[in-house]
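The values are calculated or read from the model by the stated rules, or taken from the named source; none is laboratory data. Note that the coordinates shown come from a computational prediction; the quantities given were computed from them, not determined experimentally. Positions of Cβ are generated from backbone atoms using ideal geometry, with glycine treated the same way; all protein chains shown enter the neighbour counts. With ligands, DNA and RNA removed, areas are computed over all heavy atoms of the protein, side chains included. Shrake-Rupley method; radii C 1.70, N 1.55, O 1.52, S 1.80 Å.
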Amino acid sequence: MINNYDAVAYLRDIRRNRRINQETIGNLLNVTKATISKYESGKLQMNTEDILKYADFLNVNRGDLPDLEVSSNLFVDESCLKVVGSVRAGYPLECYEIAEDVPVPSWILKKFPSAYGLRVHGESMDRIIPENTIAVVNPQSELPNGKIAIVRINGTETTMKKFYDLDGTIVLKPESTNPEYKTMIFDTKREQEDLHIEGRVVTFVPDPEIIL
């Protein structure tokens, strides 16, 4: 098997130049930050499919990847994700309709066929979901603690935070490089009546309107 380290190192350097952290890439690939560190240092071999997902997120031409072993079935056509609005990764923001199709790697909609997109504004989740990307949301009303949720507040406002239900207390926790963003706590039934989980953020993609 060909060692794909040169391709991983190529992407690592682009990631660093764009100030994207390893945790962000780990969330994209559903692995830990420590695993990404091992991939980028050559201690572990990253599989080709994950390298292509990494490249797609960075908007890197796959043909520019050095010495990459690629099977033809991985070069799939893009699919279209429906972007239906925006979400505030910060303080709640009214979610407005955009109804725009954007191209995404087809593996996303194969795995999450009902997914839709929301443009991310704000930095309260930037350790995991960078600002000015498109959050891919799988519609669901329940999710495990510690997952990233899209939560509607007061019927119209939406926010994106890590979700926790701790013995009946709902906690929406930011993951931000900015310490000004604070955890939101809803500990009464009256407060919780105004909360509705819209879905889980399962990954994210570059916004084609933003030129990196």
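Against the conditions (1) open to solvent by 60 Å² or more (accessible area, probe 1.4 Å); (2) in contact with a helix residue (DSSP H, G or I) (Cβ under 7 Å, 6 or more places away or on another chain), P103 satisfies every one except (2).
The rows are residues; the columns are (1) open to solvent by less than 50 Å² (accessible area, probe 1.4 Å); (2) free of Cβ contacts under 8 Å to residues at least 12 places away in the same chain.
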| site | (1), (2) |
| --- | --- |
| I14 | yes, no |
| N17 | no, yes |
| N21 | no, no |
| L28 | yes, no |
| T35 | yes, yes |
| K38 | no, yes |
| G42 | yes, no |
| M46 | yes, no |
| I51 | yes, no |
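When K43 is tested against (1) at pLDDT 90 or above; (2) not in a loop (DSSP other than H, G, I, E, B); (3) not aliphatic (A, V, I, L, M), only condition (2) is not met. For region 16-40, filtered to residues that are basic (K, R) and either part of a helix (DSSP H, G or I) or modelled with pLDDT of 95 or more (or both), the residue that is farthest from T133 (Cα to Cα) is K38.
Looking at region 48-97 only, could you name the residues that are assigned to a helix (DSSP H, G or I) and modelled with pLDDT under 55? Listed by number, the residues that qualify are S72, N73, L74. Taken together, the residues in region 148-164 that are at pLDDT below 90 and either open to solvent by less than 10 Å² (accessible area, probe 1.4 Å) or of a type in the set (K, R) (or both) amount to 1.
Residue-wise test of (1) aromatic (F, W, Y); (2) open to solvent by less than 70 Å² (accessible area, probe 1.4 Å); (3) at pLDDT 90 or above.
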| site | (1), (2), (3) |
| --- | --- |
| M125 | no, yes, yes |
| I129 | no, yes, no |
| N138 | no, yes, yes |
| L166 | no, no, yes |
| V201 | no, yes, yes |
| P206 | no, yes, no |
